[in-house]
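Colleague: To start, I am sharing the structure in question, which I have written as structure tokens.
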Amino acid sequence: MNAVKAIILSAGQGRRLLPLTENLPKCLLPVADKPVLAWQIDALAAAGVKEIIVVAGFQISRIEALLHAHYAKQSNISIVFNPFYEVADNLASCWLARDAMDSDFLLLNGDTVIESALVARVLNSPPAPITLSVDFKKSYDADDMKVQLDANGWVRQVSKIVPPNEIDAESIGLVYFRDQGPLLFRQAIESALRHPAELKSWYLSIIDKLAGQHQVNSCSVKGFRWCEIDFIEDLARASMLFTR
């Protein structure tokens, strides 16, 4: 495992969690009395990640306050400001953090609570330019980021609209870029954002395109603890999971 950095995409407000997020970024909502962002930073650090970049936007001052209060002695944590969080989706956040994509790195959604063992599993996965962390369940709902895999575990497609008969897994919101992966991703972002309509795109639309070029492998995290916080009921589920 090479020394890697992590980029956490935490610019959004999380309107589906209103009124909890009226004045508080989704990444600061408490899970078992600990903010989501703190769970992420602690899990990444415990797994050996050497540098953490947080892309923030909505109520950035509150995120800065958390980092100052709990991580002031850790000089390896920094913030990138995304002023476009209300008019663009997370592909724009990736573009703003593109200078950090100069070596191996993890990309993590700001609403996914993870444990350090899961991060270690991904960091020690078989080599590939891009590795998509996936989990499996019996059925998938409309909000799941669905994944189709080939017989060897390489990603064929990833989107919310994969046909039901082609779904094999779901993306958990953690991607690992190695070797040529960072360059491929950075170039694809810059190419996409030449078109204004792409401001409303998710970065996984880029992963989907690169999967078509056989650049994206998968890593199963089945059995490891993680939870995506999209709705209020997810907070209770995550608290139960991470209190154990």
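The values are calculated or read from the model by the stated rules, or taken from the named source; none is laboratory data. If you're wondering where the values come from, they're calculated on a predicted model, not measured in any experiment. Here Cβ is always computed from backbone atoms with ideal geometry, including for glycine, and neighbour counts include all displayed protein chains.
Colleague: As an exercise: evaluate Phe231 against (1) under 16 Å from the mean Cα position of the chain (by Cα); (2) within 29 Å of Ser116 (Cβ to Cβ) and give the number of the one condition it does not meet.
Modeller: Going through (1) under 16 Å from the mean Cα position of the chain (by Cα); (2) within 29 Å of Ser116 (Cβ to Cβ) one by one, Phe231 breaks only (1).
Colleague: Follow-up question, since we're still on this one. For the range 202-216, enumerate the residues that are crowded, with 19+ Cβ neighbours inside 10 Å and among the polar types (S, T, N, Q).
Modeller: Gln215
Colleague: Let me ask another. Checking the structure you have, find out if any residue of the range 43-55 is farther than 26 Å from Glu198 by Cβ, under 15 Å from the mean Cα position of the chain (by Cα) and in a helix (DSSP H, G or I). Before the answer, list the steps.
Modeller: Here is the first cut: in the range 43-55, the residues farther than 26 Å from Glu198 by Cβ are 43-52.
From what is left, the residues that are under 15 Å from the mean Cα position of the chain (by Cα) are 43-44, 49, 52.
Applying the additional criterion that residues be in a helix (DSSP H, G or I) yields 43-44.
Yes: one or more hits.
Colleague: Could you list, in sequence order, all residues of the range 217-236 that are in contact with a strand residue (DSSP E or B) (Cβ under 6 Å, 6 or more places away or on another chain) and crowded, with 19+ Cβ neighbours inside 10 Å?
Modeller: Passing the criteria: Asn217, Ser218, Cys219, Val221, Trp226, Cys227, Glu228.
Colleague: I would also like to ask the following. Taking the condition farther than 30 Å from His195 by Cα, over 13 Å from the mean Cα position of the chain (by Cα) and surrounded by fewer than 19 Cβ atoms within 10 Å (Cβ to Cβ), does Pro19 pass?
Modeller: So Pro19 fits the description; yes.
Colleague: What tally of residues in the range 56-69 results from selecting those that are part of a loop (DSSP other than H, G, I, E, B) and surrounded by fewer than 21 Cβ atoms within 10 Å (Cβ to Cβ)? Spell out the reasoning first.
Modeller: Filtering the range 56-69 for residues part of a loop (DSSP other than H, G, I, E, B) gives 57-59.
Adding the requirement that they be surrounded by fewer than 21 Cβ atoms within 10 Å (Cβ to Cβ) leaves 59.
Result for the range 56-69: 1.
Colleague: Give the residue, chosen from Ala188, Ala142, that is at negative phi, surrounded by 15 or more Cβ atoms within 10 Å (Cβ to Cβ) and not acidic (Asp, Glu).
Modeller: Every option except Ala188 fails the conditions.
Colleague: Let me ask something else. Are there strands (runs of 3 or more DSSP E) fully within the range 149-244 with at least 3 residues that are closer than 24 Å to Leu44 by Cα? List them.
Modeller: 169-177, 216-220, 226-228
Colleague: Would you check which residues across the range 70-105 are of a type outside the set (Asp, Glu), part of a loop (DSSP other than H, G, I, E, B) and touching a residue at least 60 places away in the same chain (Cβ under 8 Å) and list them? Lay out the reasoning, then the answer.
Modeller: We begin by selecting, within the range 70-105, every residue of a type outside the set (Asp, Glu); these are 70-85, 87-88, 90-98, 100-101, 103, 105.
With part of a loop (DSSP other than H, G, I, E, B) added as a condition, the list becomes 72-76, 82-85, 87-88, 97, 101, 103.
Selection gives Asn82, Phe84, Tyr85, Val87, Ala88, Ala97, Met101, Ser103.
Colleague: Does Leu174 fit the bill of being over 20 Å from Lys138 (Cα atoms) and within 16 Å of the chain's Cα centre (by Cα)?
Modeller: Spelling it out, Leu174 is indeed over 20 Å from Lys138 (Cα atoms) and within 16 Å of the chain's Cα centre (by Cα).
Colleague: Next up: Hey, could you check the range 105-154 for residues that are acidic (Asp, Glu) and in contact with a strand residue (DSSP E or B) (Cβ under 8 Å, 6 or more places away or on another chain) and say which is farthest from Ala238 (Cα to Cα)?
Modeller: This residue is Asp150.
Colleague: Between a first residue in the range 44-69 that is at negative phi and a second residue that is part of a loop (DSSP other than H, G, I, E, B) and polar (S, T, N, Q), which pairs have beta carbons less than 7 Å apart while being 6 or more apart in sequence or on different chains?
Modeller: Pairs found: Lys50/Asn76; Glu51/Asn76; Ile52/Asn76; Val55/Asn82; Ala56/Asn82; Gly57/Asn82; Phe58/Gln13.
Colleague: Restricting attention to the range 134-178, which residues are in contact with a Ser or Thr (Cβ under 8 Å, 6 or more places away or on another chain) and free of Cβ contacts under 8 Å to residues at least 40 places away in the same chain?
Modeller: Lys146, Ser171
Colleague: Would you confirm whether or not the range 113-127 contains a residue that is within 16 Å of Ser10 (Cβ to Cβ) and in contact (Cβ under 8 Å) with a residue 12 or more places away in the chain?
Modeller: Yes, there is a match, as at least one residue in the range 113-127 is within 16 Å of Ser10 (Cβ to Cβ) and in contact (Cβ under 8 Å) with a residue 12 or more places away in the chain.
Colleague: Can you pull out the residues in the range 150-172 that are buried (at least 18 other Cβ atoms within 10 Å of the Cβ) and either modelled with pLDDT under 95 or closer than 14 Å to Lys209 by Cα (or both)?
Modeller: Scanning the range 150-172 gives Val155, Gln157, Val158, Val162.
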